[in-house]
1. Would you call residue 136 at pLDDT 75 or above, in the same structural domain as residue 176 (by TED's automatic domain parsing) and surrounded by fewer than 19 Cβ atoms within 10 Å (Cβ to Cβ)?
2. Using the structure shown, decide if residue 66 is in the same structural domain as residue 174 (by TED's automatic domain parsing) and not in a helix (DSSP H, G or I).
3. Being at pLDDT below 85, touching a helix residue (DSSP H, G or I) at 6+ places or on another chain (Cβ under 7 Å) and more than 30 Å from residue 104 (Cα to Cα) is the requirement here; does residue 3 meet it?
4. Looking at (1) touching a strand residue (DSSP E or B) at 6+ places or on another chain (Cβ under 7 Å); (2) at pLDDT below 85, which one does residue 85 not meet, given that it meets all the others?
5. Could you check, for the range 90-104, whether at least one of its residues is in the same structural domain as residue 172 (by TED's automatic domain parsing), at pLDDT 85 or above and not in a strand (DSSP E or B)?
6. May I ask you to verify whether residue 23 is assigned to a helix (DSSP H, G or I), surrounded by 10 or more Cβ atoms within 10 Å (Cβ to Cβ) and at pLDDT below 90?
7. Does residue 78 satisfy the criteria of being modelled with pLDDT of 80 or more and part of a helix (DSSP H, G or I)?
């Protein structure tokens, strides 16, 4: 029969095994954090579109031309599709509604791609979307918030599409000429 192992040796073996298990758990957490950090770093380099509006000279603020620009210094916005969303019109009861952008003009006709630094223009058919009798309200534009939705191919992974929603815009009548600007939270 084997002699019993003293308690202090049993505790030392238990402590070593516990330390080894803790080390393995710590290593697993570090590896997972590194993978997540690398993935987030790569994701932050993806191209994203930036939007702006031309100033209103005459006509309806819902008929303005908007500009989309690829601010990425490295990647294209390939196969870009744009949509316009009326997020809400205060006191109208109109739910958020999405329409495809019209009159999209890319630098290369027939190629829906923006290379780094390139821009395109488009319009949003908001007036047709809103319709009557809301369309007859002259203050409707001041109660509106809009944003844009873009879908484009992921760089190097053409089979995957990236969906990107812009910040919300409101119509700023204090600027000259009045224009759609990013809403401040």
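The values are calculated or read from the model by the stated rules, or taken from the named source; none is laboratory data. Computed from a predicted structure; not experimentally measured. For neighbour counting, all protein chains shown are included, and Cβ atoms are generated from backbone atoms with ideal geometry for every residue, glycine included.
1. For residue 136, the condition - at pLDDT 75 or above, in the same structural domain as residue 176 (by TED's automatic domain parsing) and surrounded by fewer than 19 Cβ atoms within 10 Å (Cβ to Cβ) - is not met.
2. Numbers: in the same structural domain as residue 174 (by TED's automatic domain parsing): yes; not in a helix (DSSP H, G or I): yes.
Answer is yes for this residue.
3. Numbers: at pLDDT below 85: yes; touching a helix residue (DSSP H, G or I) at 6+ places or on another chain (Cβ under 7 Å): no; more than 30 Å from residue 104 (Cα to Cα): yes.
Taking the combined requirement at face value, the residue does not satisfy it.
4. If we test residue 85 against (1) touching a strand residue (DSSP E or B) at 6+ places or on another chain (Cβ under 7 Å); (2) at pLDDT below 85, just (2) comes out false.
5. yes
6. Values: assigned to a helix (DSSP H, G or I): yes; surrounded by 10 or more Cβ atoms within 10 Å (Cβ to Cβ): yes; at pLDDT below 90: no.
So residue 23 fails the test.
7. no
Each row is one residue, and each column tells you yes or no for (1) modelled with pLDDT of 80 or more; (2) surrounded by 10 or more Cβ atoms within 10 Å (Cβ to Cβ).
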site: 8; (1), (2): yes, no
site: 12; (1), (2): yes, yes
site: 19; (1), (2): yes, yes
site: 28; (1), (2): yes, yes
site: 58; (1), (2): no, no
site: 61; (1), (2): no, yes
